[in-house]
Amino acid sequence: MKPKFYVTTPIYYVNGAPHIGHAYTSIAADVLARFKRLDGYDVFFLTGTDEHGQKVEKAAAEAGLDPQAFVDKVSADFRDMAAKMGLSNDDFIRTTEERHKRVCAELWRRLEQRGEIYLGAYEGWYAVRDEAFYDEDELTARPDGTRVAPSGAPVEWVREPSYFFRLSQWQDRLLAHYEAHPEFIAPNSRRNEVLSFVRGGLRDLSVSRTSFRWGIPVPGDPAHVMYVWLDALTNYLTATGWPDEHAPRAAFWPADVHLIGKDILRFHAIYWPAFLMAAGVAPPKRVSSNGWWTVEGEKMSKSLGNVIEPRALVATYGLDQVRYFFMREKPFGADGSMSHAALVSRINVELANDLGNLAQRTLAQIARNCDARLPARAGPTAEDAALLDAAAALPALMRERMERQTFHEGLEEVWKVIRAANGYIDRQAPWALRKTDPARMAAVLRVLADALRSIATVLQPFMPDSMAKMLDQLGVPAEARSLAALAVPLPDGVALPPPVGVFPRYVEPAA
Ligand code: ME8
């Protein structure tokens, strides 16, 4: 039986249109899911939409729509975005679905039965934009006398009856969990933030609201709706069919990794494992948080009018180009800046020049000088062996980088081999060998074709369409595109289709 791997994206609020921040986390999860499939895993990749809560209710009212009609519309837009980003998700969950409401109610009942939930009253600060409660000492006063959350979100004073989750009782067990599972929170800098937050003491968490209606009713007390984060986090469990142990996807729990943005780490690394442990359910294995993108050096915001629509980006630069840029430009956990100049440079230098030209030069010479057939493998020289070994090491290197979500380092490893291959082709100069030593020319082109096959194989998760084209041109059949298949050389003499460029250069449109 194949080993299982379960990866998730955050479920996105349907209060507005998708932007590049959403596309980014989703593409990273897709790369991971595709890589694991290529590496022989049975993968479950989940994404979806977060549709309850005050923020969404407010957005629906502003749009003049009934909340359900509103969320149907915006959720469909997120689903379209997922498809346009090339996501290979196996399910798309919506928190307004019946299957999810049932699971939330069941989780609630278990928490209640175990004495983890009690009725009280909440009085304190709430930021609708973050859907989060804040302590007084977390807020900053602004010159106009209002206060804001650390995220910059305005807060309001809330006073209402509320159920509470006994989070305060979980401090030691959470700390013990972080200690026993150092890989649970990534990157490490964020892990330290969570640790110091939890060491500072935890208060019981308000987990229901009574001042609005757009949520999942609390079982047995429908005057309350569940706090949207309890509802939202549970999506990861719903999709596995929990609590049915015989559900087809039951064995995927606990999730291998939740990919999230740094803004929502507290919910995933503190509340979520506490809810689960309190209900007697295993916590996820890892929460890996990504940094934020700025645009041309500025924070993305509606008021600045610089919010980038991911589908527009794809229309301008191409899907694989955008996916590559996202994964290459910055470390996953760090912040980074998206700019036109940086995109064009990655596309023209690394894709069109380094990789595109390498493939084109190799394949064009095979087409022209080797009768369009894959040349036979020959006894390798030291230089041949150096390149072939470097290429053969890529799957293991990539596997390790994927475990840690250091996508940019994985790509850097691949580009080291691409640059080595470009150095090799220049030094070996197969075009000059055509007359003097055609056997050696063929051997050199075969080394290059084999190196390209390894390169294109490990790059498939990042750029699925382009690498499928490249593997077609290298004569690699569909069933020989996994990491394991790299151990078996392609047969000599396979007929190759006429080569066509895979990565066009980006040319500025005429003004
Ligand atoms: O927080 N750069 O949903 P959300 C990079 N519904 N990533 C960004 C980003 C930026 N500028 N802006 C947003 C929610 N993101 C909840 C999640 S999960 C159970 C519930 C990404 O629509 C980042 O991954 O506000 C962030 O965590 C996510 O979008 C938040 O999306």
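Quick note: the coordinates plus some simple rules give every number you see, no bench work behind them. This one's a predicted model, so the numbers in the text were calculated from it and none came from an experiment. Don't worry about glycine lacking a Cβ; one is built from the backbone with ideal geometry, like all the others, and counts go over all protein chains shown.
Summary table
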item: Around Y317: net Lys/Arg minus Asp/Glu count, Cβ-Cβ under 11 Å; result: +1
item: Simple Cβ-charge dipole of the chain, Lys/Arg +1 and Asp/Glu -1, about Cα centre, in debye nearest 20; result: 1180
item: Proxy reagent accessibility, fewest Cβ within 10 Å first, across H52, H100; result: H100, H52
item: Cα-based shape type of the range 140-216, given that a ≥ b ≥ c are square roots of the gyration tensor eigenvalues and the cut on a/c is 1.5; result: oblate
item: Packing-based exposure ordering (other Cβ within 10 Å, fewest first) of R102, R453; result: R102, R453
item: FRET E, pair K302, E409, Förster distance 30 Å, beta-carbon r, rounded to 0.05; result: 0.35
item: Distance (nanometres) between label positions extended 7 Å along Cα→Cβ at A393 and E309; result: 4.6
item: R0 of 56 Å, Cβ-Cβ distance A468-A121: FRET efficiency to nearest 0.05; result: 0.45
item: Which listed pairs, of K330/K416; K302/K469; K58/K262; K330/K469; K4/K299, have C-alpha distances above 29 Å, in listed order; result: K302/K469; K4/K299
item: The range 312-328 and the range 473-488: distance between their alpha carbon centers, rounded to Å; result: 26
item: Charge dipole of the range 128-227 about the Cα centre (unit charges at C-beta), most positive-ward option of L195, S211, A153; result: S211
item: Reachable aspartates and glutamates, given that their alpha-carbon falls under 18 Å from the alpha-carbon of K2 and they are not under 8 places away in the same chain; result: D39, D42, D90, D256, E403, E479
item: Histogram of C-alpha separations across the range 128-275, 10 Å bin width, %; result: 9, 33, 38, 17, 3, 0
item: Shape category assigned to the range 58-149 from the gyration tensor of Cα positions, a/c cut at 1.5; result: oblate
item: Peptides 355-365, 140-150, 393-403 ordered by average Cβ neighbours within 10 Å, highest first; result: 355-365, 393-403, 140-150
item: Pairwise FRET efficiency - E193 versus R109, Cβ, R0 = 25 Å, nearest 0.05; result: 0.15
item: Likely footprinting exposure, M463, M1, M441, fewest C-beta neighbours within 10 Å first; result: M1, M441, M463
item: Nonlocal amide H pairs with D91, under 5 Å, H built at 1.01 Å; result: F45, T47
item: Helix-derived mean residue ellipticity, 222 nm - over the chain, DSSP H n ≥ 4, -39500 (n - 2.57), to 500; result: -13500 deg cm²/dmol
item: For I185, residues with placed amide H under 5 Å, excluding near neighbours; result: V287
item: Rounded D (µm²/s) - the range 4-290, Kirkwood Rh over Cα pairs, Stokes-Einstein at 25 °C, 0.890 mPa s; result: 126
item: Per-bin percent of Cα-Cα distances, the chain [10 Å]; result: 4, 17, 26, 23, 15, 9, 5, 2, 0
item: Local electrostatic count, N348, Cβ distance below 13 Å [Lys/Arg +1, Asp/Glu -1]; result: -1
